[in-house]
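K.L.:
Take this structure first; my questions come after.
Where a number appears in this text, it was derived from the coordinates with a stated rule and is not lab data. In this text the structure is predicted, and so the values were computed from the model without any measurement. Here Cβ is always computed from backbone atoms with ideal geometry, including for glycine, and neighbour counts include all displayed protein chains.
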Amino acid sequence: MPSPLIEEESQLLAMPEDAYMNEAQLDFFRRRLLAEQADLEVALEETRRTIVDSRGVGDEADLAANEETLRLLLRQADRETRLLRKVAGTLKRLDEGDYGFCEETGAPIGLRRLLLRPTATLCLEAKQRQEQREHHYAKRRSA
């Protein structure tokens with residue numbers, strides 16, 4: 001028996017193209033983004049608590065291990081914070097009626113892409129162009 005989430009995703013994908021970003025789809029993504037936001041807030045609070053609780057005591061090996069753990073926790077907190085900001089921005093786009101459409105071209109991003117990455121702001125073609133530009137500039141800097 002398929003899970004309710006998979007079943008709901010299948011229903012969204014079965015909708016005709018001219019129903020793109022209808023109320024059911026917008027409601028689905030709003031619920032999904034709000035759940036992701038809540039999960040991120042909990043994870044970030046746990047990470048912050050762990051950082052505060054990690055006190056450096058012990059010999060040099062213990063201190064070095066603790067420092068490495070702290071460095072990893074700080075990176076994790078940074079990633080969670082950036083993703084939380086991205087989710088908040090996506091919810092704002094949803095409220096403003098811009099959700100699901102490419103920031104660069106205005107074309108639909110597509111349900112399949114949004115199901116994989118609900119915070120996507122670029123259609124696949126625009127994202128590919130962006131990655132090619134980034135790759136090109138990275139090659140020029142390293143040359």
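K.L.:
Kindly express, to the nearest 10 degrees and within the range 0 to 90, the angle between helix 4-14's C-alpha long axis and the longest C-alpha principal axis of the chain.
P.N.:
It is inclined by approximately 40 degrees.
K.L.:
On C-alpha positions alone, give me the angle between the axis of helix 60-96 and the longest principal axis of the chain, in degrees, nearest 10.
P.N.:
Long axis of 60-96 versus the principal axis of the chain: about 20 degrees.
K.L.:
Where in region 1-60 are there trypsin sites (Lys or Arg not before Pro) that are in a DSSP coil and have at most 15 other Cβ atoms within 10 angstrom of their Cβ?
P.N.:
Passing both the DSSP loop test and the Cβ count: R55.
K.L.:
Along the Cα→Cβ direction, 7 angstrom out, place labels at N66 and E7. What is the inter-label distance in nm?
P.N.:
5.1 nm
K.L.:
Then there is this: Identify all aspartates and glutamates with a Cα-Cα distance to K139 below 13 Å; exclude those on the same chain that are fewer than 8 residues away in sequence.
P.N.:
Result set, ordered by chain and number: E131.
K.L.:
Mind giving me the FRET efficiency for A88 and R49? R0 is 25 Å, r the Cβ-Cβ distance, nearest 0.05 is fine.
P.N.:
Efficiency at R0 = 25 Å is approximately 0.70.
K.L.:
222 nm [θ] for the chain, helices only, -39500 (n - 2.57) per DSSP H run of 4+, per residue, to 500?
P.N.:
Result for the chain: -25000 deg cm²/dmol, rounded to the nearest 500.
K.L.:
Only one of the values [x] -0.52, -0.69, -0.86, -1.13; [y] -0.40, -0.57, -0.77, -1.24; [z] -0.61, -0.77, -0.90, -1.10 was calculated from this structure for log10 I(q)/I(0) by the Debye sum over Cα atoms at q = 0.11, 0.13, 0.15, 0.19 Å⁻¹; name its label.
P.N.:
Only one option fits the structure, namely [z].
K.L.:
Follow-up. With a Förster radius of 22 Å, plug the Cβ-Cβ distance of R113 and R79 into 1/(1 + (r/R0)^6) and report the FRET value to the nearest 0.05.
P.N.:
0.55
K.L.:
Net charge around R48, counting only other residues with Cβ within less than 14 Å of its Cβ (Lys, Arg = +1; Asp, Glu = -1)?
P.N.:
Taking every Cβ under 14 Å from that of R48, the sum is -3.
K.L.:
If you stretched the chain out fully between D59 and Q132, how much longer would it get, using 0.36 nm times the residue separation minus the C-alpha to C-alpha distance?
P.N.:
21.5 nm
K.L.:
Specify the angular offset, from 0 to 90 degrees and rounded to the nearest 10, of the alpha carbon long axis of helix 124-142 from the longest principal axis of the alpha carbons in the chain.
P.N.:
So the inclination is approximately 40 degrees.
K.L.:
Follow-up. How many angstrom lie between the Cα centre of region 72-124 and the Cα centre of region 13-68?
P.N.:
14 Å
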